[in-house]
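The structure appears right after this line, and notes come after that.
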Amino acid sequence: MSTMQLPKLISVQVESVYDEQIAEIVGRIQQRYPGEQISRAELEGRVRGFQRQFSTARIRTFVAIFVERLVRRSIEETSVGAPRTVAAEPRVGPSSRSGAHRWVRR
């Protein structure tokens, strides 16, 4: 295998892992919320949308957990008539020049 093929192989493996995570998140959320409340297509779209927001994260260990929480929150807020966008919440907390020390408001 040439070194030119290696990045492509790694990219395919990473995409496969993300697809597995998305399927797991969608499965867990579908069990929690009935199909009448949110369709599978909309649910998968929300999961992929929130996951894209973390695409530049240097540490990806907890991304699936964050995505699942954001999707659940967006479903719960939508069901009570609140705005659908959760990701647009402002970040609060101490800031640094690098921006590495930011907290997301709950």
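Bear in mind that the values in this text are calculations on the coordinates, not laboratory data. If you're wondering where the values come from, they're calculated on a predicted model, not measured in any experiment. Neighbour counts are summed over all protein chains in view; Cβ atoms, including those assigned to glycine, are modelled from backbone coordinates with ideal geometry.
Assorted remarks:
- Gain in span if fully extended, Arg32 to Thr61, counting 0.36 nm per residue against the direct Cα distance: 8.1 nm
- Here the peptides 29-41, 45-57 are ranked by packing, the mean other Cβ count within 10 Å, and the order with the highest first is 45-57, 29-41.
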